[in-house]
Structure formats: C-alpha cells, structure tokens
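A.B. asks: The structure under discussion is supplied below as structure tokens; questions concerning it will follow.
The values are calculated or read from the model by the stated rules, or taken from the named source; none is laboratory data. Predicted model, so just to flag it, every value in this text is computed and none were measured. Don't worry about glycine lacking a Cβ; one is built from the backbone with ideal geometry, like all the others, and counts go over all protein chains shown.
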Amino acid sequence: MTVFDAGASAKQKQNFLASSGELSLGSPVSSLGKIGGFTDSDSIDLMKTAVTKPTYASGVLTVLNGTATVAKLAFGGTYTNTNFVRGSDNKEGEPISWQS
C-alpha cells in the first residue's frame, strides 16, 4: 500500500505492479502523476473524502462528491468509464476499484 497524506508531485508516477495494491490519498485534489497498471484487485482510497460518482474520459478519472470535483487522477493505459467503480471500506473515505 502506498499512502500520500498531503498529495504528491505531478511528476510522481504510481504503478500497480503486484497482483493487488492500494493507493491511499489523504488530499486527493492535490497533484499526482500518472497511475499505471491499475487492474482488478487494485484500489484507490480517497481518505476522508465522500465520493458520489467517478467518471473517466481522455485518460483522466474525475471524481465527484455531488457537483464538487474532489479529485482528478491521470491514468496511463487503456481504460473505459465502466472500469472504475465506487466502493465502501467502512472507514472515513471511499475506495475506487477496477472492474472488467
């Protein structure tokens, strides 16, 4: 698991290399470089952030809470809008996972 409590540099890339992984973001609106290798069994936990809708287009996952944008995450790879689903971890934040 990788945790960024206060964001990360836009040059900081995150690659999911193992069979399962979690990226936890304490300040999801903050800059983060491209995310790669995101597949089933991986998740991105937006800590302390409510999520109502993730929308993927043109390499960017835009995450909304109501009408407010709470995160914009860039992805390297081939994905579609249906690959990203909102979940619940019974904690303060909400994870986004991948489904085929």
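A.B. asks: Can you tell me which condition Lys13 does not meet? The list is (1) surrounded by 12 or more Cβ atoms within 10 Å (Cβ to Cβ); (2) at pLDDT 85 or above; (3) out of contact with any Phe, Trp or Tyr (no Cβ under 8 Å at 6 or more places or on another chain), and all the others hold.
C.D. replies: (2)
A.B. asks: Scan segment 65-77 and give yes if some residue there is over 19 Å from Gly33 (Cα atoms) and β-branched (Val, Ile, Thr), otherwise no.
C.D. replies: Yes, the conditions are met somewhere in segment 65-77.
A.B. asks: Residue check, Val29 against (1) β-branched (Val, Ile, Thr); (2) at pLDDT below 85; (3) over 11 Å from the mean Cα position of the chain (by Cα), all met but one. Which one?
C.D. replies: Every condition holds for Val29 apart from (3).
A.B. asks: Additional query: Within segment 45-100, track down each residue that is surrounded by fewer than 18 Cβ atoms within 10 Å (Cβ to Cβ), of a type in the set (Gly, Ala, Ser) and assigned to a loop (DSSP other than H, G, I, E, B).
C.D. replies: Within segment 45-100, Ala50, Ser58, Gly59, Gly66, Gly76, Gly77, Gly87, Ser88, Ser100 qualify.
A.B. asks: Now for a different question. Would you please list the contacts, defined by Cβ atoms under 6 Å and residues six or more apart or on different chains, that run from a residue in segment 40-57 that is in contact (Cβ under 8 Å) with a residue 12 or more places away in the chain and aromatic (Phe, Trp, Tyr) to a residue that is outside any strand (DSSP E or B) and surrounded by fewer than 18 Cβ atoms within 10 Å (Cβ to Cβ)?
C.D. replies: Tyr56/Tyr79; Tyr56/Asn81
A.B. asks: Okay, next question. Given the structure, is Ser41 modelled with pLDDT under 85 and over 20 Å from Asn83 (Cβ atoms)?
C.D. replies: Judged against the criteria, Ser41 is not a match.
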